[in-house]
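In what follows, a single structure is set out as structure tokens and then discussed.
Taken together, the values in this text are just the output of simple stated rules run on the coordinates, not laboratory data. A quick note: this is a predicted structure, and the numbers were derived from the prediction, not measured. As a convention, Cβ positions derive from the backbone with ideal geometry for all residues, glycine included, and neighbour counts pool all protein chains shown.
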Amino acid sequence: MKSTANALLNRIEFPVLLAGLVIAAGLWGLVELMEAARATSPHAFDTEILLAFRHAGQPDSPIGPPWLQGAMRDITALGSTAVLVLITTAAIVYFLLIRRPGTALFVFVSVAGGQVVSSLLKHEVDRPRPDLVSHLVNETSLSFPSGHAMLSAVTYLTLGSLAARFLPNRRTKIFVLGFAVLTTVLVGTSRVYLGVHWPSDVLAGWCAGFAWAMLCWLAARLLQRRKVVADGE
């Protein structure tokens, strides 16, 4: 039994194993956070972190200099529907122009599928926006999970992983993927700073987004071997 397990592990490439671990961890985290979101009162870490972005005793006064509020609004726009649709459309048109319709379809299905999953999760949990602090931007949709956090992870990581296939060396691949992760983290953090999401909403968005992006990466890997999706050759 042990030798069989070792042989199986030897056949599995490390990136594939890592992607599987990210998917498993993301799904586990999402399930745990859904339980916290369904509680009748917010978890202590939700309230503590949310209030940490406000001056003590002043829920309407965010920390930091005045320019920081504008910067956070700009950063949060990177995860907005309009920006993500624009970026996704540009990528799809690019792949169509270079005659890679399979890759264009893959990008569309990956991002659109993430949007569908996000919407289903929001309606399943039905969590209202936090009212503990003032909102620095207007939002009307449900709170859990953070659509900005989830869809920025789905979009930027999916496009980043595809772009990395064409880059010449490991350092540039790491830079592109690292920048995609950094953008996703900044977008999620901005949602808490602006007061429109509980921290657990953002964590759940990251969990679901990273899991979905890794699932799409595994699918892209399989499709590349079948010459359906463009590779870096």
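Taking only the C-alpha atoms of the chain, Rg followed by Dmax gives 19.3, 62 Å. Karplus-derived 3J(HN,Hα) values for region 106-113, using 6.51 cos²θ - 1.76 cosθ + 1.60 with θ = phi - 60°, are 4, 4, 4, 5, 4, 6, 5, x Hz; glycine and proline are entered as x. Compared with the alpha-carbon gap, the fully stretched path from Val31 to Thr81 is longer by 15.5 nm at 0.36 nm per residue. For Ala44 and Val109, the difference between the fully extended length at 0.36 nm per residue and the C-alpha to C-alpha distance is 19.7 nm. Springs join every pair of Cα atoms under 10 Å in this Gaussian network model of the chain, and among Ala153, Ala82, Ala213 the largest mean-square fluctuation is at Ala82.
Across region 4-126, Cα pairs under 8 Å and at least six residues apart give a relative contact order of 14 percent.
Short version: ³J(HN,Hα) in whole Hz for each residue of region 151-164, in order, from phi by Karplus 6.51 cos²θ - 1.76 cosθ + 1.60 (θ = phi - 60°), x for Gly and Pro, what are they? Values per residue, Gly and Pro as x: 6, 5, 5, 4, 5, 5, 6, 5, 5, x, 5, 5, 5, 4 Hz. Short-range pairs are left out: with C-alpha atoms under 8 Å and at least six residues apart, the relative contact order of the chain is 31 percent.
Remark: spin-label model distance Asn169-Tyr94 equals 2.2 nm, labels positioned 7 Å along the Cα→Cβ axis. For region 186-216, the residues whose amide N sits under 20 Å from a probe point set 7 Å from the Cα of His55 along the beta carbon direction are 193-196. Ranked by the mean number of other Cβ atoms within 10 Å of their residues, highest first, the peptides 183-195, 103-115 come out as 183-195, 103-115.
Just checking the listed ones, Leu157, Leu86, Leu78: in the Gaussian network model of the chain with Cα springs under 10 Å, the one fluctuating most is Leu86. When the P(r) of region 30-73 is calculated, the portion above 12 Å amounts to 68% of the C-alpha pairs.
Enumerate the residues in region 89-131 having an amide nitrogen under 12 Å from the point lying 7 Å beyond the Cα of Glu139 toward its Cβ. Hits in region 89-131 for Glu139 at 12 Å: 127-131. Among Ala39, Ala19, Ala220, whose mean-square fluctuation peaks in a Gaussian network model of the chain (Cα, cutoff 10 Å)? So, out of Ala39, Ala19, Ala220, the one fluctuating most is Ala39. For region 204-213, backbone phi angles converted through the Karplus equation (6.51, -1.76, 1.60; θ = phi - 60°) give residue-by-residue couplings of 5, x, 5, 4, 5, x, 5, 4, 5, 4 Hz, Gly and Pro being listed as x. Put simply, the amide H of Arg54, placed in the peptide plane, has neighbours under 5 Å in Ile63, leaving out anything fewer than 5 places away on its chain. How far, in degrees from 0 to 90, does helix 81-97 lean away from the longest principal axis of the Cα atoms of the chain, to the nearest 10? Once rounded, one gets 10 degrees.
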